[in-house]
Structure formats: structure tokens, C-alpha cells
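Presented below is the structure to which this report refers.
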Amino acid sequence: MADGAVNFLLEKLTTILVQKASLLGEAQGEIDEIKLELESMRSFLRDAERRKERSESVETWVRQVREVAYEIEDIVDEFLHHKERCWHGDGLKGFVQGVVNLPKDMTARHQISSKLQKLKAKVHEVSERSKRYGFDEINEGRRLGAACDRWGELPIFADEDELVGMEENTQKMLEWLEEDEPHRTIFSIVGMGGLGKTTLVTKVYEKVKRDFDCWAWISVSQTDGSGELLRSMIKEFLEIKQVMVPSNLGSMNYMQLVRMLIDYLHPKRYVVVLDDVWSIDLWSQIRGVFPNNRNGSRIILTTRNENVAASVGIGNQIHRLQPLQDTDAWALFCKKAFWNDLGRSCPKELEPLARAIMKKCEGLPLAIVAVGGLMCSRNKTVAEWKKVYESINWQLSHNPMLEQVKSILLLSFNDLPFYLKHCFLYCCIFPDGYPIKRKKLIRLWVAEGFITERKGMTMEEIAEEYLTELIFRSMVQVTETNDEGRVKTCRVHDLMRELAMTTSEKEDFCTASDGREQD
Ligand SMILES: Nc1ncnc2c1ncn2[C@@H]1O[C@H](COP(=O)(O)OP(=O)(O)O)[C@@H](O)[C@H]1O
Ligand SMILES: [Mg+2]
């Protein structure tokens, strides 16, 4: 699990060390040494963070770093508080007291200084331990490549009769694909993980691909960089036409691959799906291979990040996928939960509980399918269903049947830069279903010290940017806007919130006491 809490503390401490240098006086040297160690630990952590699987020893080490980081923060706070009270306390009175209380001041300083000494030794020891445990292991993991990182995102193809509520979107896309527009156009579908982007695109693509001269489907999150992506695309184009793939494809460089694709696509009417695009850079690296040949070619792109869709440029239509409506969500839940039963309908006595369980999924198909599947394996008794309903939060983090929901939702969380992780986790402290006010949230983030200063911008402006980023990444949903379309209130998807809370509790970042069950 990514370790935002530690990264954040390290960052904050470094800032204190820089900004309060004048107050640190004789402790500067010691703190500088601690800082150096912290920096080396941080780069190790960042490496570790990129890797999904971590061995137990590395996990233990991360926990130790976290403890030491909290300890350092306490001592530095104590030290600064002591210094500020002495020199700035109550003006002249404070200064005089500072001088008059010299023996007391000396004792305090001595105590803090010896704490710092001990801490320095501890930090050093923890830092050394990282060298003993982990670097090789972690580098090994990275070599296995980004392609493995997102296996949680492999598309799961559902039977046609298992799908619900897709008519309107399917229709809209078919019209776009078949319209007369000769220019190459792009359709971007945006929405959080598990919302049904891949499912929708699969359905439409399978229907129309043969109306085009050539077609390719690329799961972008499964490919490792633009070179590999271009190679997969070439392979796919050639294989559908049963043309031999050139034997030197593997050794072709980026420019050769681009050239080959342009030459191949230029005279054709093509359709390409780029499923699950995570980064803006990637699009800019590959956009050149799709010639605008006025043959009516089409590109479909799906992403969780609105920034990616917005960066696509001319000829792009953005479609924000919505959660399932209640009736569709209910129909899907019943299909899954009562799969074995005649008529696939819910017995009367279970209905209130079944609806309450379904509500937890908030129209997210991924969650409905998984939770429905979980309920299917349970006895259909009120007592049994009540038990599951009451422990649904626990189930989400621990039940292997819900592992996929967990991993897909956590991918988005893991992909956040650490400063956003903190802001996001903070949103999770608000009780379930509570509309979070933008202004209040921003003030709270600033007060918590989550915002990193930037020249020429106020803290509130930066915080506002953070919020926009979280919204764009589909991590936070807008619930109300004002007349100018500005966010007024927002919320976090309940399941995402549950997972983030479990993570943050594990990382000692925060615990919520909103009366919900403690697992
Ligand atoms: N409209 C739908 N009806 C039934 N099941 C759906 C629907 N949309 C998605 N699903 C199911 O939800 C899960 C996640 O969908 P997927 O398309 O992979 O989401 P995304 O690509 O947005 O992450 C899959 O198991 C899929 O079968
Ligand atoms: Mg997908």
C-alpha cells in the first residue's frame, strides 16, 4: 500500500527545517543530518510506492519510518514552540522571562537536544535497515514493469443479457460512429473505475468494427510505454487481416513504428479504441500516428481522468458516464444475487435488506456485480443478509470475493500524488452522505497544512486546484454547483471512502468516529 502519510511528513519536516532555520540555532547541524537521512529514506519510499506488492520486511520498515517521522515532528514542534515562546512570547515580558528563566530554559534545551541526538541515531539505524532489506527487491519488482501494475484493470466481458441501462449511451455512440463527418474524430468517455466504460465501449466496438477498413483495441494500462503500445497496435491491425507481422517489429525504433503506422492507416478508414488512458503524455506521444485522412476514421478513448480527455484537442467529444439509475441498479443486483433462483427476483422478506445493500454500491456496476455475487452465495434468510449488511465495510476490505472491487478502486487512490492523498483522505473523515462544502474543505486543508506554497498564488487558490484535480480524477464527485457552475458541495463514493479509511487507519493517518461500526 502506498505510503502517503510518511511522504507527507517527510515533506512537511523538510519545509519546517528550511523555513524556521533561524530559530533552530545550535540544533541546525543535528537537524540537517536528520534531514539528509530523511531524504534518502524518502527516495526509497517513492520507489517502494511504485511497486504494488511489498514484502513483509519492507512493510515493517515503512511502519518504522512512519513512527520515527511522527516522533521527529513532535520533537521539532516542541523545539520550535519552546524557541518561539522564549523570543517572541509576550514581547518584552517574554524576552525578559526568557532571560530570567535561564536555568529552566537550559534544562529544556538540554532535554530537547538529547532527544534529537537519540532520534538521529534511530533515524540512522532505520535508514541503514532499508539498505539491508530492500533496494534489490524493489528494483527487481520495478523491472517486472508497469504492465503488471494494473492487472486489476483487465476488462471483464459480460454477457449481453447481463447488461443493464446501456441503451441510451450505446445509441449515442453508434450515431457518432456512423455520422457522415469525414474528419477523424475522437470520443472520450470519462468516469471512475468500475463505472462501465470498458463494457460500454466493448459493446459498441464489437457492433461496428467490421464497418471500418481496419480496427484495433488497445488496453493502454496493460502496455508499457508508447513503443510497446505502437507495436501492439501494428500487430493487431495486421493479425485481423491475417498478414504476417514483420520479424523485425521488436527491434524497430519509435520513429520507424510511427512511420509504419502512418503509412498503413493513411489510405484507410480506421477505428481504434484506447482503453484506460492514464496519462496526458502518452496521448501526445502517439497522436501523430492517427492521420486525419478525411476518410471518416474514429478514435474512442476511455479514462478516469478528465484532464486526459480535456487534453485530446480538436475533434474531441467528451462524455461523462453516469452511475446506474436505481431501477437498473436493482435489476443488475437481482440478476447477480438471485442468479440461481427462478425468475431471478428478490423474495419479499429480503427486499428491504437487499435494497439497503445495493444502495451501498451507489450505482457503480463493478460494485453491484461483486456484491450481488457475494450475496448469491449466502443463504437467503433475513438473519444471514442482516449479518452481511452490518459488516459490509469489513467485507469490502477482507472478503476475497470483493478483492477486485477493492483493487480497482485502490488503483485510483494509489495513483494520486502524495499531497492529494492527504487531501483525499481528509474528505473521507466527513460522515457518509454528508455534502462537503467546497469553501469549508479548502479552509480545513489549508489549516491542516496540506497545501504546499507556490509563488504568486494564495493557499486557497492552490487548494482549489487540488480539489479540481481530485474531481477530474473521479475521486470526488460534485453534488451541487452554484449559478456560475462553480462547485458548491461535493462527496466521496461510499465504497471508495471505506477503502481509503481502512488504508488511512492502517497508516495511522486518521480514524473517523462517526458512529459507524469499528471493525
Ligand atoms: N451496464 C452494465 N450492466 C451490467 N454490468 C455492467 C455494466 N457496466 C459495467 N458492468 C460490469 O461492471 C464491471 C466493471 O465495468 P468496466 O466496464 O470494467 O468498468 P470501467 O472500465 O469503467 O472500469 C464489469 O464486471 C462489468 O461487467
Ligand atoms: Mg476499464
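The values are calculated or read from the model by the stated rules, or taken from the named source; none is laboratory data. All of these numbers come straight from a predicted model, not from anything done at the bench. Reconstructed Cβ throughout: ideal geometry from the backbone, glycine too, with neighbour counts over all protein chains shown. These accessible areas exclude ligands, DNA and RNA; they are computed on the full protein's heavy atoms, side chains included. Shrake-Rupley method; radii C 1.70, N 1.55, O 1.52, S 1.80 Å.
Whether any residue in region 200-211 is among the aromatic types (Phe, Trp, Tyr) and within 14 Å of ligand 2 (Cβ to nearest atom) is what I want to check. Checked against the condition, which is being among the aromatic types (Phe, Trp, Tyr) and within 14 Å of ligand 2 (Cβ to nearest atom), region 200-211 yields at least one hit. Counting the residues of region 295-326 that are open to solvent by 60 Å² or more (accessible area, probe 1.4 Å), in a strand (DSSP E or B) and more than 16 Å from ligand 1 (Cβ to nearest atom) gives 1.
Can you tell me which residue within region 159-181, out of those that are surrounded by 12 or more Cβ atoms within 10 Å (Cβ to Cβ) and more than 28 Å from Asn307 (Cβ to Cβ), is farthest from ligand 1 (Cβ to nearest atom)? Step through it out loud before you land on a result.
Step one: list which residues in region 159-181 are surrounded by 12 or more Cβ atoms within 10 Å (Cβ to Cβ), which gives 162-166, 169-170, 172-174, 176-178, 181.
This time we only want the ones that are more than 28 Å from Asn307 (Cβ to Cβ), so: 162-164, 178.
Working: Glu162: 6, Leu163: 4, Val164: 4, Glu178: 22 Å.
Checking each candidate, the answer is Glu178.
Filtered by the rule that a residue be part of a helix (DSSP H, G or I), out of contact with any Phe, Trp or Tyr (no Cβ under 7 Å at 6 or more places or on another chain) and at pLDDT 90 or above, region 157-192 gives Glu167, Glu168, Asn169, Thr170, Gln171, Lys172, Leu174, Glu175, Leu177, Glu178. For region 182-202, give me each residue that is open to solvent by 10 Å² or more (accessible area, probe 1.4 Å), more than 8 Å from ligand 1 (Cβ to nearest atom) and touching a helix residue (DSSP H, G or I) at 6+ places or on another chain (Cβ under 6 Å). Correct list: empty.
Scanning region 203-220 for residues that are part of a helix (DSSP H, G or I) and either surrounded by 23 or more Cβ atoms within 10 Å (Cβ to Cβ) or out of contact with any Asp or Glu (no Cβ under 9 Å at 6 or more places or on another chain) (or both) yields a total of 7. The combined condition, being open to solvent by 40 Å² or more (accessible area, probe 1.4 Å) and in contact with a strand residue (DSSP E or B) (Cβ under 8 Å, 6 or more places away or on another chain), is not fulfilled by Lys406.
Only one entry of Ser474, Ser407 meets the criterion of being of a type outside the set (Phe, Trp, Tyr) and touching a Lys or Arg at 6+ places or on another chain (Cβ under 7 Å), and that entry is Ser474. Among the residues of region 265-294, those identified as surrounded by fewer than 18 Cβ atoms within 10 Å (Cβ to Cβ) and more than 31 Å from the chain's Cα centre (by Cα) are His266, Pro267, Lys268, Asn292, Asn293, Arg294.
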